[in-house]
Every structure is written in structure tokens, then in C-alpha cells.
1. Return the distance in nm (one decimal) between the two label points of a simple spin-label model at ASP357 and HIS166, each offset 7 Å from Cα along Cα→Cβ.
2. Starting from 0.36 nm per residue, how many nanometres of slack lie between MET248 and GLU295 once their C-alpha separation is accounted for?
3. Using only the Cα atoms of segment 252-364, what semi-axes does the equivalent ellipsoid have when each is the square root of 5 times a gyration tensor eigenvalue? Give whole Å, largest first.
4. Quick one: helix 125-138 against the long Cα principal axis of the chain, what's the angle to the nearest 10°, folded into 0 to 90?
5. Regarding segment 10-106, what's the average projected area of the Cα-atom convex hull, expressed in nm²?
6. What ³J(HN,Hα) values, in whole Hz, does the Karplus curve 6.51 cos²θ - 1.76 cosθ + 1.60 give for segment 308-323 when θ = phi - 60°, with x put for Gly and Pro?
7. Hey, what's the chain come to in accessible area per residue, 1.4 Å probe, Å²?
8. Report, by chain and number, residues whose modeled amide H sits under 5 Å from the one on GLY218, excluding near sequence neighbours (fewer than 5 apart, same chain).
Amino acid sequence: MSAPNKSFDPVEVEALKPEVIDRAKDEALAAIAGAGDLEALREVKAAHAGDRAPLALANREIGALPPHAKAEAGKRVGQARGAVGQALKLRQEELERERDERVLVEEAVDVTLPHDRVPAGARHPLTTFSERVEDIFVAMGYEVAEGPEVEAEWFNFDALNIAPDHPARTMQDTFFVRAGGDAKDEGESGVVLRTHTSPVQIRTLLDREPPVYVICPGRVFRTDELDATHTPVFTQVELLAVDEGLTMADLKGTLDHMVRELFGEGVHTRLRPNYFPFTEPSAEMDMVCYRCHGESVGNPDNPCRTCSSEGWIELGGCGMVNPRVLTACGVDPEKYSGFAFGFGIERMMMFRHNVEDMRDMVEGDVRFTRPFGMEI
Ligand code: FA5
């Protein structure tokens with residue numbers, strides 16, 4: 001502030017000269033108009049309307065003027081500061097309005113978008129496929145039977161006439177949970193992860209009186225490496241029928257009915273001799289290729305990827321229940337006979353849906369399962 005004075009001409013005080021006041025006002029108004037956002041306006045306000053702004057400094061000079069000069073100088077500075085204050089207020093309102101409009105657009109919520117971003121789950125195609133197989137037999141009057149996945153060695157092997165020195169019992173094929181020593185009966189048996197669904201046959205025959213007609217789906221375990229055609233955990237479906245007078249013809253008719261239901265009219269099966277300790281006679285069952293119906297055999301112009309132009313697809317094992325198994329379960333083999341078959345669902349799905357690598361089925365990637373549908 002200038003030194004107090006009593007007689008001087010206010011026009012001589014530099015900060016209060018009209019042109020200086022007008023210039024300060026014009027600069028302030030131009031800066032306000034040029035502020036592009038609220039942050040810039042805050043800086044403009046500090047520079048042109050703050051304590052150190054030219055108009056604020058000019059205002060302080062007024063106090064030192066003689067009384068007769070205060071009114072005019074006060075009016076001039078007051079009007080300039082009023083104009084700047086008013087312009088700041090209007091620009092502030094204008095910029096706030098612009099900001100609100102922008103935020104409304106940028107942060108708009110589209111209430112029409114689907115709210116549920118977690119995709120709906122669905123059962124695995126292996127489960128739905130094995131249930132389709134079950135349904136075929138339930139429709140014929142079969143019951144669904146289940147057994148434990150952690151199974152007594154006796155049920156998994158001994159009762160099925162698989163002798164202790166059978167290769168399937170070695171550590172290479174079987175996950176042993178508890179070693180069983182020389183157990184000859186169920187009570188002292190070792191414990192394994194079941195290697196097939198056939199022990200459910202034994203549990204069923206011990207539980208029920210013939211006639212028995214059951215279908216047994218379930219997970220089984222083998223010490224196989226995971227590769228394109230093997231997995232250590234896979235799904236089998238087993239069928240067992242025990243009644244008076246059942247023959248291989250009934251087995252063949254049942255298999256033909258199943259493949260027709262699953263793969264369509266015109267598909268049938270054939271049996272090739274094989275060996276399983278728990279069936280006698282035993283057979284390997286093949287079905288005619290449901291895609292080429294055998295027409296690709298010897299026809300290089302029309303190859304078939306599904307059966308590799310062999311005309312037949314291997315399904316699994318089957319046979320007439322070995323009388324020794326019936327006897328072990330307390331069923332009179334003179335009165336009753338039975339047939340059984342078992343196959344792997346993964347292998348069946350591979351050729352049913354042209355899946356080239358079994359690993360895709362067991363890794364749980366939804367990109368694989370989604371095309372099979374969202375069946376719950
Ligand atoms: C058996 O397991 C017999 N219990 C089947 C049977 C039942 C025969 C009733 C007679 C009467 P096998 O070991 O062949 O048989 O296995 C049956 C099917 O399981 C095979 O045809 C194959 O489709 C499937 N399979 C076997 N090992 C694997 C594996 N590591 N990964 C995926 N599928 C497999």
C-alpha cells in the first residue's frame with residue numbers, strides 16, 4: 001500500500017488509474033471466458049479475484065486516499081470487482097452444467113443390458129450322454145444300480161473270477177487304497193479305486209433275488225496316462241440281466257436295440273470272441289459305423305473319418321455271466337443265466353461327436369462343453 005497522504009491527486013496513484021483498472025478488469029474477463037474447465041477457472045479466480053490480484057491490490061490503495069477521493073475510486077474499483085465476480089459466477093455455473101451433462105453421458109447406465117454376467121451352468125455332456133443310455137434301459141424296465149467308487153478288492157476282482165495273479169490286479173492298472181494281503185473273502189479284502197463298473201453286478205446279485213435287470217453307470221479309475229485316447233478317470237456303463245432262460249440271442253438283441261436308439265435305424269452290432277474272467281462265453285462288441293454304414297470299406301474315394309474306413313466301431317466287452325460269478329453271489333447257475341456288457345462313455349462320445357482328443361472331455365473347458373447345449 002502507498003504511504004498515507006492528505007493532499008495528493010488520486011489520479012496520480014498508478015493502481016487506481018481508470019485505464020489500469022479497466023485493463024485489469026478486461027484481462028480478468030478474458031481469462032474467465034477462456035477457462036475451459038472448473039480446474040482452469042479455479043486458477044483464473046486465484047489470479048484475478050484472489051488477495052494478490054491487481055484489483056484486490058487496487059482496492060487496498062483506496063484506504064489511503066483523502067476522503068473526497070475515496071468515493072470515486074471506490075466506485076470504479078468496486079464496479080470492476082463486481083463485474084469480475086459476476087463473470088466468475090456465471091462461468092462457474094456454465095462449466096458445472098457442462099460437467100454434469102458430460103458425466104450423465106459418460107456414466108450412463110444401460111438398464112436394458114442383461115444383468116446376469118455369470119453364465120448359467122450346465123451338466124457335462126458325459127453326464128447327459130450316460131443318462132441317455134440309462135433312459136433307453138429304464139424305458140425297458142431296467143433299474144439303475146450304483147456302487148461305491150472306493151471298492152473292496154474282493155468285489156472289484158475276486159468275486160468277478162479275476163484271480164490274484166491276473167494282470168489287471170498289478171500296480172500298473174489299479175489304484176490301491178489299502179493292500180489286502182491274501183484275502184480270500186470280502187471281510188479281509190484290500191481296498192481299490194474300482195477299475196470298472198462290473199463290481200456293481202456283484203453287489204446287485206448279493207442284494208436282490210433274480211430276475212435282475214440293472215443298468216449301472218459310474219466313474220472308474222485306472223493308472224493309465226492321460227492322452228488322446230485314455231484318461232485315468234473315465235465313465236463306464238454296465239448292464240446286467242439275470243433271469244431264467246436268457247441266451248446270447250437276448251444279449252445280441254439288447255445291444256442292437258441300444259445302438260439303434262443311440263445312433264439311428266440301420267445300425268446293428270456284431271460280436272467277436274474275447275475273454276473276460278467274469279463272462280463265459282465272452283465277446284467284444286462292435287457296431288456298424290453309423291456314418292458310412294460300412295460303405296467306406298475298400299472305397300478310397302469315399303473315406304470315413306469316424307471308423308477309419310473299417311466299417312465297424314469297437315464299443316466294449318460283453319458276454320454271458322460266468323456261472324462261477326453266479327455261484328459266488330448265491331445264484332443257482334442251473335436255474336438262472338445272465339448276460340452283461342460294459343463300455344466306456346468317453347470313447348463312445350469320441351466317435352459319436354468326432355472328438356479327436358479325450359483330454360478335451362476331461363479338462364472342464366466350457367469352450368468344449370458349450371456346443372453340446374445347456375441341458376440342466
Ligand atoms: C471292462 O472294463 C469290462 N468290465 C467290461 C465288461 C462288462 C465285459 C461286462 C463283459 C461284461 P475293458 O477293460 O475292455 O472292459 O473296458 C471297457 C471300456 O472302457 C473300453 O472298451 C473302453 O471304451 C473304456 N476304457 C478302458 N480304459 C479306458 C481309459 N483309460 N480311458 C477311457 N476309456 C477307457
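1. It works out to 3.4 nm between the two label points.
2. 14.1 nm
3. On the way: eigenvalues 196, 57, 28 Å².
Semi-axes (√(5λ), whole Å): 31, 17, 12.
4. 40 degrees
5. The orientation-averaged projected area of the Cα hull of segment 10-106 comes to 6.0 nm².
6. The phi angles translate into 6, 6, 8, x, 10, 10, 6, 9, x, x, 7, x, 8, 4, 4, x Hz.
7. For the chain, the solvent-accessible area averages 55 Å² per residue.
8. Sorted by chain and number, the residues that satisfy this are GLN236.
The values are calculated or read from the model by the stated rules, or taken from the named source; none is laboratory data. Only a predicted model underlies this, so the values are computations on that prediction, with no experimental measurement involved. Here the Cβ is made from the backbone with ideal geometry for all residues, glycine too, and neighbour counts use every protein chain on show. For the accessible areas, the whole protein counts, side chains as well, though only heavy atoms, and no ligand, DNA or RNA atoms are used. Shrake-Rupley method; radii C 1.70, N 1.55, O 1.52, S 1.80 Å.
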